[in-house]
Structure formats: C-alpha cells, structure tokens
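Take a look at the structure set out below.
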Amino acid sequence: MNLVAGLLLILPLAMAALLGLFGKRLHGKTPGLLAFGMAATCFGLAVAAFLHLRGLPEEARFVEASFWRWLDLGSGDQRLALDVGVWLDPLSVTWALFVTGVGSLIFLYSISYMEHEEGAWRYFSYLCLFLFSMLILVLGENLVLTFLGWEGVGLCSYLLIGFDYGKEVAARAGRKAFVVNRIGDVGFLIGMFWTWKLYGTLGHGEMKPIMAAVTAVPPLLALGYFVGACGKSAQLPLFVWLPDAMAGPTPVSALIHAATMVTAGIYLVLRLSPLFVAAEWALDVVAWTGAATALFAGLIALRQRDIKRVLAYSTVSQLGYMFLACGLGAFGAAAFHVITHAFFKALLFLGAGAVIHALHGEQDLWKMGGLKHHLPKTARAMTAGAFALAGIFPFAGFFSKDEILGVAFAQGYAGDPSRYVLWGMGVLTAALTAFYTARMMTLCFGGTSRVDPHLHPHEAPAPMAIALQVLMVASIVGGAALGFEALHWMPLHHWIDPVLAAPPHPTHLPPALNWGLMALAMMIAVLAWRIGAKWYGGDFAPARQAELTAPRFAKLLQGRFFVDELYALLIVRPLRFVAELCLEFDRRVVDGLFRGAGSFSALLSTTVRLAQNGVVHAYAFWMVVGAVLLLTLALA
Amino acid sequence: MNDLLLAGVILGPLAAALLLALWPKLAPEPARLLTLLITVATFVASLPLLATDAAGGMTRELDVPWIAALGIRFHLGVDGISAPLVVLTTLLMPLVVLASYGHVHDRVRQYCVLLLAMEAGMVGVFAALDLVLFYVFFEMSLIPLYLLVGVYGGARRTYAALKFVLFTVAGSLLLLLGILYVMHATGSADFAALRRATLSVREQAWLFAAFAAAFCVKVPLVPFHTWLPDAHVEAPTGGSVILAGVTLKMGTYGLLRFCLPLFPAASIEHAPLLLALAVVGILYGALLAWAQSDLKKIIAYSSVSHLGFVVLGLFSLQSSAATGATLQMINHGLSTGALFLLIGMIYERAHTRQLADFGGLARTMPRFAVCLVFATLSSIGLPGLNGFVGEFLILIGTWRDHPLAASLASLGVLLGAIYMLGLVKGLLFGPVGHPKTATWRDLTLREMATLAPLFALMIAIGFAPQPLLSRIEPAVERMLERPRLALEASLAPTAMPSVDEGAPPHDRAPGERR
C-alpha cells in the first residue's frame, strides 16, 4: 500500500515537472494524452487503495505510510514532529476516488478542448500539479501536508484562472482568487497553531484517538478551520472569488471550481468533525452560514446571463447545502452530496464548455437558444445533469439533497424549531435551483435560435463526447447507487460514517413523514422547473423585456447584490488608503525625524568639518590609520 | 585545537582583495573571472563548516591572542546558527559576481575588491567569538558596502550611501560603547567567557539597549528602517543582493548571538517591546510595500516585513520559533536575493523600475516569468518551498505564549500575497506595458545559472528542512538557555534577587554555570 500511496503522489508531480520542463517540444495531443494516461493510472491506484481498505475489518481501515521526516523540533510537550507521508482511510480514499475519477474524465475532455490552444503543455502541466496538490490535500498524513495541498490547489487555481495571461480580467481574477483564499488560510493556520498547543500533534493518525476523547473544544479553534473552509469552498462572506474564477478555461471550472478543489473545505470539516461537534456553537455557525450561502447564491443565479456564471453561483449554492449538512451533524450526507455534485456539476460545466466551444467562445445565454437541434448529444447529457442539479427523482442530486433536507426537518421535528427555518431555507433554495436551471437549459437549448447566423454549431469531438456520456450515466445512477435513506440502502454511509463524528442531533424521521417530505420536495422542484421552462421557453422577447425592465430587487440580483462593490468600498479601498497613509507617514514623520536629527548633527559637524570632508580617500586613509593603530597595539 | 579552515574562508577573500587592489594593470575581465573563481573556491571551502556540533557547541575554533594588552583574542568558531549563515554568504558572492557581468562595466576591478573585502567582513561577523573582533568585522563589512552604493549606485547614490552610513554608524557607536563597557565590567571580550558572566539587571538594561539599537538599525526594525529603501533603490544589483541577503541578517544574528545570552534579564524584560515592534514591522512594512510603485522599494519594504517575522520568532523565546527564525534568515537571503537579481535583470533591459511601465512579460520573456513566479512563491511562503517552513515554525512557536502577536503576524502572510502578486501581475500579466517590451530578450544562460542554485535550495529546504533545522536547533537552544532561566526566575517573584537593583555595577550576581 505504501507503494500505491507513494505513486499516487509522485506520478502527478513527475508529470507536472516533465510537461513543465519539456512539454514545449511536444506537439498536438501528446501532452494531453500523457497527462490523461497519468490521471487514469492514478484512478486505478485509488481503486486499488479502496479495495485494499475494503478488505480490512471496519476498525482497522486505515493505512499510515511515512516517507521521510519533514521536521522534528523541541521536546516534551513542545515537540513538533511532522512526517511527509500519507493517511489512507475511508474518508481520504473516497475523495481520492472521485478526484482522480472525475479528474481523468476532465483530462480526457481537455485533450480536445485545448488541442488548438497555444501553450496546451503549460495547461496540462498545471493540471497535473493540481492533481498532485489535491491528492496531497486529502491523503496527507498531517494537517500541515493538508495545508500544503490546500495552498497548492490555490496556486494551481491562480495559474489556471490566469492561463490566458494577456487578458487583464483573467489576471485580475486569478489574483483575487489567491488573495481571498489566503484570508481563509490565515484561519486555517491559526487553527493549526491552536491545535498543536492544545493537543501537541497535527498528525491525522495521532489526532484520531485524541479527537475521539475530546469533550470540549474552544469554538474559535473550530471556527479558525471553518474560516479556511469558507475561503476554499466559497461560502459567505468569502465566496466572491469563485464567480470571477470562471475567467479560466471551462474544463478548469469543471475540475477545480466545481467538482474537486472547492470541496476541500467540506473535507477539512469532515476530517476534523469531532472537533466541530465538541466545539459548542461552532456547528450552528457552520449550518447557518451554509444555509444562508445556499439561498443567497441561488438568488443571484436567477438573473445571470453568462452560462458559466449561472453554474458558478449554483456551485456556491450547492456547497452551501454541504455545509448545511455539516452544521446539522449529518457529515455522511455532506460527503454524499459532494460526490453527486461532483458528477453532475462536472457534467454541466463540460457541457457548457461544449456549447461555448461550438459557439466559438460565446457565453451569453441571450445569444444562444435552439441548440438542441445542433447539439443533440450535448443537450441530452446536460439535461441529465440539470435534472440532477434540480433534485428531480431519480437523478443523482435528488438523493443527496433530500437526505440533507430530511435531517434538517428531523431536528426540527425533534424539538428544535430553528431547524425548521434551516429546512425552509433549504427548500426555498431547491425551488430556486430548479427554476434557474430550467431557465439556463431553456435559454441555451430550447426556443428559437438567437445564435449569430455566421456560426455553424457542431457536436464536440469524440474525447469530449465520451467524457460527457460517462458523467451523464454517473449523474443518473450515481445517487441511487450510493444511497437512498428512505429504503435504508446506504452503502456510502456504511463505508464512510465510521471515520466521521457521530451526529450530535437526531437525523431520522418517521417513514411516513419522510416519504411525504420527499414527495413535497419533488413536487416543488418539478413545479419550479415547469415555471422556469415556460417563462423562458416560448417567445424570447417578453422574457428578455421582463429581465431588462426588472424591478429593484431583480436589479439587485443582476448586480449580484453588489457584494464586490461593497467589499471595494468597505475593505479594499480603506486598506489601500491606510497603506498610502502609512507611506506618507513614513516619508514625512518617521524619515523626517531622522532627517531632522541628521540636519541637526550636520549643523554640529560643520565645526568638525575637517574630519568629514566627504572624500572617500580620506575615509580610506583613516581606516588605514585605525588598522595600523590596532596592529601596533597587537604587537605591543 | 586550532582549525584554520574558518580563518582561510575569511583571509582568502581578504588576501585576494588586497592582491586585486595592488594590481592596477589587471584588465577588468580577467579580474572578474579571477574573483569568480576565488568566490567559488571560498564557497566550496566553506561547505565543511556545515558539519556542526550536534550538541550545539562551537566547532572549527581558532583561538589565538591578538591584542594581548587588552585581552582581545582572534577567536573564531561556528555553530549551527552561524555555519549556515556563513555558507549563505559564500554562496551569494559568486552569484553576485556572475550578475555583475550584466550591469558593472566601469571600474570592474575595484568592484571586485569591494566584493571580496565585504565577503571577508561578513563571514568574519558570523564567525567572530570575540566582541572586539566582531566589531572590527562589523565595520569592515560596512565600508565596502557604503562604497558599493556610493560609487556604483544610481542617481541619488551619495544621499543614500550617506544615510546608510549615518544610520549604521550611529548604531555601531553605541555597540562599541557597549562592548567597551562589557570588557571593563567583566574583564573579557570573549564570547565563551561572557556567557558565563552575569551582569547586574541595571547594567544589562543599558547594555541591551546599546547592543539592540545597533542590531535593530541593521535588521532594520521599525522605526529604524528608513535607510533601507533608499539604500536598496540606489544600490547596484549586487549591492542589493548582499544588503538584503546578508547584511540585514547581521542584525538578527547579533540579537540572537549576543543580546539574548549575554543580557538575559534585559532580554525578557524588553521582549514584549520587541515583539510589538516586530508585529508592527510585519504589518507596516507589508502595507508600505503594497503602496510602492518602484520594484526595488517593494522588495525593500517586504524585507522589513519578513525580518519582522525573524525578530518575532527570536523574542518569543520559544525553541521552535527561534529555530524557525534562524532558518528564515537563510530563507530570506535566498528568496530576496533571487528577487533582487531578477529585478536587476529586468532593469538592465528596461532601464526603469516603475511597476506601471511593465506588463505582459509572461508572453515575451517566459523564462523570466517562471523564475519570478517561483521566487515570489518562495517569498510569500508557499508550502513546499523554503519560506513556508520558517514562517510556519515562527508562528506556531510564537502562538503558544503570544497568540495575539502571532495572529496579527499571520495577517502579514495575507498582505504578502497581496503585494507580491500585485508585483507579479503588474510585470507579467495583462497587456504589454512598455513599447520596447518585444526587444528585450529572455533570460540568458548566464542569468539562469545565477538563479539556479537559489531555486534548488528553495525546493530542497522546502521539502526536507530537517537537515538544516537539526543543526540550527541545538545551537539556538544554547542561546535561549539563559533567557529562559531568567524568565522562570521572574515568573517566581521570590527567586528574583532584589539586591541586584541597587547593586553597584561591579557587584555581579553569582553566575550560573551550566
């Protein structure tokens, strides 16, 4: 297993280095094929790791492999020892599976997508580096390695968003992503500092028994990690970087900004779930942040014209669901939704990429329409993804989303009325989701064509099509295959729950109520979908007119609640002002003081001008005199 | 007993400097080549110094009487703190000579003389175990740097050089007075003897102030930092690399080597002040860096910020943090050295350093772009590279006892990303900025070779810092021993000898021997 784990990390890193150093000399599809081969091999390795762990008894399902000692300082309770190694358990292997699995498909898709782009080798080199970072994030033996991957994926995201570095927008978005993520990283860092002080270790293996025994954790410690998670997983108030990150190539949006990297925050919370459970009100903060983000982003998605932005806000919104699940203590349900979301959101992004590809870069939904006639396969695949996103039975998203909502209701039913509010927010978001997904699909594929008549859209080439087909199947059956709570069919939970904290609150409903709620959620989703499809499906002119002459609240949605503008006004500009102020202060006051002292001493020194005639020769002369003096003393 | 290797590393470059100085007929290029060979040879010769004592003691000692009348000895030696700094110095010198091919075309021989003299001085500073000898080297490294800025610098070089000298001389005068007092009070200038001597609390307070003032100007710690940006902006590339890479470390090295073990009571008393100044320096320096438009000033102020981390780690008095701080001295030398080299390279092409003049270099100079991004990532502490190890150790160690200071300092990590990525974006991305951008050629093989050793070390330290840390830690532990004891004493009020307060200067409390 050590070899498998080691290869999982070395292969992507080596391929990144190989393509980075020599990729320029490779032509056509070669860099892509090499990278895809590597990713597929990694998926195979992840499957091998999975099978190995499955073969072990439940309580022994972990492998700790250490490659070398990274650092080892101090002694006693101040000892800080960290290895470079991996920690395989059901949680990390689950992540490794879908990261390499969905990742391979996106690598495959990219071969065609990037074929004619300048610098495809650079793109694949970054992609390999991303895979390495993501794998070390989930497989790393301790929190510092997790942090290494954490910042590493941030770096790759930065590089890939700014891939088209001639574009000012892309360069700006890349930097924004990195900086906003670093805000979260400060929280992560402080969490680690505190953890080490309290528990004397940062190793996942060593923390396992400690976390199992811990009863009270400072809520702020857990929230430090949660701030980190909010940065990486784009939650309120740190979500602003994700929509801008869509400036990167579309497969990157699919891989990094939808399926894998943005779920790192969930991974962190799940990994440390016992700390969160023991940290009093920390979980409530997680739940409310998640629910608020889900609703907020769902509202914004209603009125976006850029197809990738609709999907970006929907990603933020779905990530909100996952945090809602974490906050409710339903950690397994959060993992479930992470996986189904990876399937259907990757599919939707790749589908959107195929559409954009066919329209030579057009991303405006108002300039699409009627594309189902030109791109029937893409339309079919994306419809499956859209149904999954909207939570329509029996598509994947239905099962995971319904489980989360069920838990919220169950806790309300068990006597905590505030949980009904969370449930209500979740259901409302579900309705919004179905509506904006229907709007997007209808504007893109339905109705009459508004496409530029010079364009002749055509289906994507084979590698892209294959990736779409596989993901379509996963988005259809992926949910039911992994778990259906109402029928007590929960293979994913049986696999992953033992390494997660036990839910602190009740999670089960009486069956009748459960089925009833399920039917209700289903009805709401279908209804919202029908409305969305009807509004945008017929003649386009009135719908567009309605959006253009929007009332005030809709204007707010179109402007994305002006959060970016608010941040600029409240944080960026004041901070910049402070920096300028510091500069003036430094010039006038700090330096001025010394210059004042300097001129004062200069005044004095006019009397001893002879000694300071400013000629270098004189200095040298006195140096020699001094040296001679010293030597004489030495000889004396 | 007496080991000549260390003396060779100091006297070799010094002799070479003399030779070049007294050989006016030597043509510029042979002089430069000779200097390159000598600095490379010095680097190779210095490598065995890294085989330090695992218990943290001094190795490679040379101890001979020097000025017998005053009890001053020519005492050299290195431990896990100084050996890496010596090697950093000897590593940077050949790179500086290599870089000089691009920008020093006049008075080449004299430039080489200055570099070699400076190398001897800087290695001497890190190796001296006698206070007077330390002082001599301290000054010896100052004057060549002054000339380097004053003669080879930019338009306002005289002003910058004078400012630099005035600041440092003011500091080193205090240091000299302090040293004279220590010799007077203890009868010795030898570091080993002084570590066993105990000065009264009041004496310590004054001496600490004198020593720390000299060192804090060098670091530079806010508010003594205003000489640094001027010196950097006017200095030639080589001067900037040495200034940031090595000279600043003399300050932090002095704090660790002398202030902490010789004046333990004063150190713990003033630790809160220094911690506060360090945090202010980290944030203030970062904000200033952000507000700058001159490339060199951005890096200069980033140094203020980064050296703040070092001071923070040292005065947290926590072993991991102080070890990390010492590592960070090396890291900063590598990353900032690389950044100044890169800025020098672009300046040689563009003859401007204004950020606004640039843009879009990623397309026209891809090799430069990769190198700049790499050096930046090291500088902002990306995990996997060297900078992270130092910062992480400093912060996690400091957090134990000073959570507020460490939390505020963590914001420096965020600000670092803001201004450094701003620099990267301004230079590399977006539309092409300078009309002549297309005519600038990408980095040459020589330039790549100049940077390569630094990058290799950034990766090596990032992936496997332990070989270096295991050398640093025991030596740092020894420096922290006495301050820790003093701290314990001050925490137990009864153990504090109140006699000390009123005692006359010569009446020393009993020295603690290990």
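Consider just the alpha-carbon atoms of region B:157-284 and return their Rg together with their Dmax, both in angstrom.
Reported Rg and Dmax, both Å: 15.5, 45.
Given points 7 Å out from each Cα along the Cα-Cβ axis, report the A:Val563 to B:His351 separation in nanometres with one decimal.
With each label point 7 Å from Cα toward Cβ, the separation is 4.9 nm.
Taking a label point 7 Å from the Cα of A:Ile524 along the Cα→Cβ vector, which residues of region A:284-326 have an amide N closer than 12 Å to it?
Residues passing the 12 Å test: A:295.
Under the rule a/c < 1.5 gives rounded, and otherwise a/b versus b/c splits prolate from oblate, where does region A:249-381 land using the Cα gyration tensor?
prolate
Figure the gain on full extension for A:Ile571 and A:Ile210 (residue separation times 0.36 nm, minus the Cα-Cα span) and round it to one decimal in nm.
126.0 nm
What do you get for the angle between helix A:168-199 and the principal long axis of chain A? Use alpha-carbon atoms, 0 to 90 degrees, nearest ten.
That works out to roughly 80 degrees.
Please enumerate, by chain and number, the lysines with C-alpha under 17 Å from the C-alpha of B:Lys425, excluding those fewer than 8 residues away in the same chain.
Result set, ordered by chain and number: A:Lys167, A:Lys176, B:Lys296, B:Lys297.
Checking the cross-link filter: which lysines have an alpha carbon closer than 19 Å to that of A:Lys534, excluding same-chain neighbours under 8 positions apart?
In chain and number order, the partners are A:Lys367, A:Lys372.
At a 10 Å Cβ-Cβ cut-off, how would you order B:Thr398, B:Thr90, fewest neighbours first?
Ranked by crowding around the Cβ, least crowded first: B:Thr90, B:Thr398.
How many percent of Cα pairs in chain A exceed 38 Å?
It works out to 37 percent of all Cα pairs.
Taking region A:283-544 on its own, what percent of its Cα-Cα pair distances exceed 25 Å?
Across region A:283-544, Cα pairs with separations above 25 Å total 42 percent.
Report the FRET efficiency, 1/(1 + (r/R0)^6), for B:Ala192 and A:Ser75, where r is their Cβ-Cβ distance and R0 is 25 Å, rounded to 0.05.
0.50
Using a cut-off of 15 Å between beta-carbons, work out the net charge of the residues near A:His454 (Lys and Arg +1, Asp and Glu -1, A:His454 not included).
0
May I ask you to list the aspartates and glutamates whose Cα is less than 13 Å away from that of A:Lys377, ignoring any residue fewer than eight positions away on the same chain?
In chain and number order, the partners are A:Glu459.
Nothing charged except the Cβ atoms of Lys and Arg (+1) and of Asp and Glu (-1): what's the magnitude of the dipole of region B:252-387 about its Cα centre? Round to the nearest 20 debye.
That gives a dipole near 320 debye.
Calculate the length of the line joining the C-alpha centroid of region B:461-485 to that of region A:332-375, in whole Å.
54 Å
I'd like the distance separating the alpha-carbon centroids of region A:290-313 and region A:413-459, in whole Å.
Between the Cα centres of region A:290-313 and region A:413-459 lies a distance of 9 Å.
Distances over 19 Å make up what percent of all Cα-Cα pairs in region A:1-144?
Summing the P(r) of region A:1-144 above 19 Å gives 54 percent of all pairs.
Once amide H atoms are built 1.01 Å from N in the peptide plane, which residues 5 or more positions from B:Ile72, or in another chain, come under 5 Å H to H?
Residues meeting the amide H criterion: B:Trp66, B:Ile67.
When the scattering of the protein assembly as shown is computed by the Debye formula from its Cα atoms alone, each counted once and equally, what is log10 I(q)/I(0) at q = 0.08 Å⁻¹?
Each listed q corresponds, in turn, to -0.87.
Return the calculated 222 nm mean residue ellipticity for chain A, to the nearest 500 deg cm²/dmol, obtained by summing -39500 (n - 2.57) across DSSP H runs with n ≥ 4 and dividing by the residue count.
-23000 deg cm²/dmol
Kindly state, as a whole number, the per residue volume in cubic angstrom of the convex hull around the alpha carbon atoms of region A:428-531.
Residue-normalised Cα hull volume stands at 164 Å³.
What's the magnitude of the charge dipole for the protein assembly as shown around its Cα centre, counting Lys and Arg as +1 and Asp and Glu as -1 at the beta-carbon? Answer in Debye, nearest 20.
2500 debye
Per the Debye formula with a single identical scatterer at each Cα and no solvent contribution, what log10 I(q)/I(0) holds for region B:285-412 at q = 0.16 Å⁻¹?
Debye output, listed in q order: -0.78.
Using each residue's phi in region A:266-276, evaluate 6.51 cos²θ - 1.76 cosθ + 1.60 at θ = phi - 60° and report the 3J(HN,Hα) Karplus result to the nearest Hz, with x for Gly and Pro.
5, 4, 4, 5, 5, 4, 9, 3, x, 5, 5
Considering chain B, what Rg and Dmax in Å follow from its alpha-carbon atoms?
22.2, 74
Please label the shape of region B:83-186 as rounded, prolate or oblate, based on the square roots a ≥ b ≥ c of the eigenvalues of the alpha-carbon gyration tensor (a/c under 1.5 means rounded; beyond that, a/b larger than b/c means prolate, else oblate).
Oblate is the answer for region B:83-186, as a/c is 1.5 or above yet b/c matches or exceeds a/b.
Put +1 on the Cβ of each Lys and Arg and -1 on the Cβ of each Asp and Glu in region B:72-139; which of B:Ser100, B:Ala117, B:Ile81 then has its Cα farthest toward the positive end of the dipole?
B:Ser100
I need the shape label for region A:81-206. Rule: rounded when a/c is under 1.5, else prolate if a/b > b/c, else oblate, with a, b, c from the alpha carbon gyration tensor.
oblate
Taking θ as phi - 60°, what are the ³J(HN,Hα) couplings along region A:586-592 by the Karplus curve (6.51, -1.76, 1.60), each to the nearest whole Hz, with x for Gly and Pro?
Using θ = phi - 60°, the values come out as 5, 5, 7, 8, 5, 5, x Hz.
Work out the charge dipole of region A:283-544 with +1 on the Cβ of Lys and Arg and -1 on the Cβ of Asp and Glu about the Cα centre, then indicate which of A:Gly298, A:His493, A:Met464 is farthest towards its positive end.
A:Met464
First measure r as the distance between the Cβ atoms of A:Thr549 and B:Arg484, then evaluate 1/(1 + (r/R0)^6) with R0 = 51 Å and state the FRET efficiency to the nearest 0.05.
0.10
Amide H of A:Asp306: which non-local residues (sequence gap of 5 or more, or other chain) have their own amide H closer than 5 Å, using H built in the peptide plane?
Answer set, sorted by chain and number: A:Leu365.
Lys/Arg Cβ at +1, Asp/Glu Cβ at -1, dipole of chain B taken about the Cα centre: which of B:Gln354, B:Leu176, B:Ser319 is farthest positive-ward?
B:Gln354
What do you get for the angle between helix A:573-585 and the principal long axis of chain A? Use alpha-carbon atoms, 0 to 90 degrees, nearest ten.
Helix A:573-585 sits roughly 0 degrees off the main axis of chain A.
How large is the convex hull of the C-alpha atoms of region B:351-436 per residue, in Å³?
Taking the convex hull of the Cα positions in region B:351-436, it is 98 Å³ per residue.
Taking the Cα centre of chain A as origin and charging only Cβ (+1 Lys, Arg; -1 Asp, Glu), how large is the dipole, in debye to the nearest 20?
1360 debye
What ranking do A:Tyr321, A:Tyr199, A:Tyr123 get, fewest neighbouring Cβ atoms within 10 angstrom at the top?
With the fewest neighbours first, A:Tyr321, A:Tyr199, A:Tyr123 line up as A:Tyr199, A:Tyr123, A:Tyr321.
Hey, rough spin-label estimate for B:Ile459 and A:Arg587, points 7 angstrom out along Cα→Cβ, what's it come to in nanometres?
4.3 nm
Label A:Val477 and B:Ala54 with points 7 Å out from Cα along Cα→Cβ: what is the distance between them in nm?
6.0 nm
Values quoted throughout were computed directly from the atomic coordinates according to the rules given, and no laboratory measurement underlies them. Everything numeric in this text was worked out from a predicted model, so none of it was measured. So basically every Cβ, Gly included, is an ideal-geometry build from the backbone, and we count neighbours across all protein chains shown.
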